[in-house]
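Inspection log for the structure reproduced underneath, given as structure tokens.
The values are calculated or read from the model by the stated rules, or taken from the named source; none is laboratory data. Only a predicted model underlies this, so the values are computations on that prediction, with no experimental measurement involved. Every residue, glycine among them, receives a Cβ derived from its backbone with ideal geometry; neighbour counts consider all protein chains shown. When the accessible area is computed, the model is the full protein with side chains, heavy atoms only, and any ligands, DNA or RNA have been set aside. Shrake-Rupley method; radii C 1.70, N 1.55, O 1.52, S 1.80 Å.
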Amino acid sequence: MKLDSNQCIYASMRFMAAIAMAATLVFGPGMAFAAGKDAHEDRAEMRNKDIHAKLKITATQEEQWAKVAQIMRDNGKTMDTLTKARVDHEKDMTAVDDLKSYGEITDAHADGIKKLTPAFATLYSSMSDAQKKEADTLFRHGGRERGHKASMAK
């Protein structure tokens, strides 16, 4: 499959965004733990409730949503554990240890997405067109409009 220049630019931008997000987790994780584990779990639950509300999950979709939400919780716990271990050992890690730790975090992130995708796909297939449009926007922009076009539209 041959990509045109716009597709390459878009793929590159998504890759850079993923790197920036990972770098935020890796190089600035102290804040995530400053408030404590319960506070982080509370934020995760608030995020799940926010997504649930934005997607307007119906009673018939609740079972599918519950699976998605549980995977998101499990993924979050895995990432928290790995990131906390990285923070706890940052002063005594060698460069090789640092790379291994970073690799474990990126692998866990990728594995989490692989677990979430089929569960979310099942939920997505049950959604109305309006719900799908909201999900597309939410996943594409994290619920926020971005960039020059968004500011021009206002």
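Checking each residue of the range 90-101 against the condition of being part of a helix (DSSP H, G or I), charged (D, E, K, R), open to solvent by 80 Å² or more (accessible area, probe 1.4 Å) and under 30 Å from L55 (Cα atoms) gives no match. Does Q70 fit the bill of being closer than 19 Å to N48 by Cβ, surrounded by 12 or more Cβ atoms within 10 Å (Cβ to Cβ) and in contact with a Lys or Arg (Cβ under 7 Å, 6 or more places away or on another chain)? No; evaluated as a whole, the condition is false for this residue. When the residues of the range 79-89 are filtered to those that are assigned to a helix (DSSP H, G or I) and open to solvent by 70 Å² or more (accessible area, probe 1.4 Å), the one that is farthest from F120 (Cα to Cα) is D88. The residues of the range 102-142 that are under 19 Å from N48 (Cβ atoms), among the hydroxyl-bearing types (S, T, Y) and at pLDDT 95 or above, listed by number, are T117, T122, Y124, S126.
Whenever a residue of the range 82-111 is aliphatic (A, V, I, L, M), its partners that are part of a helix (DSSP H, G or I) and open to solvent by 90 Å² or more (accessible area, probe 1.4 Å), lying with C-beta atoms within less than 7 angstrom and at least six residues away or across chains, give the pairs L82/E104.
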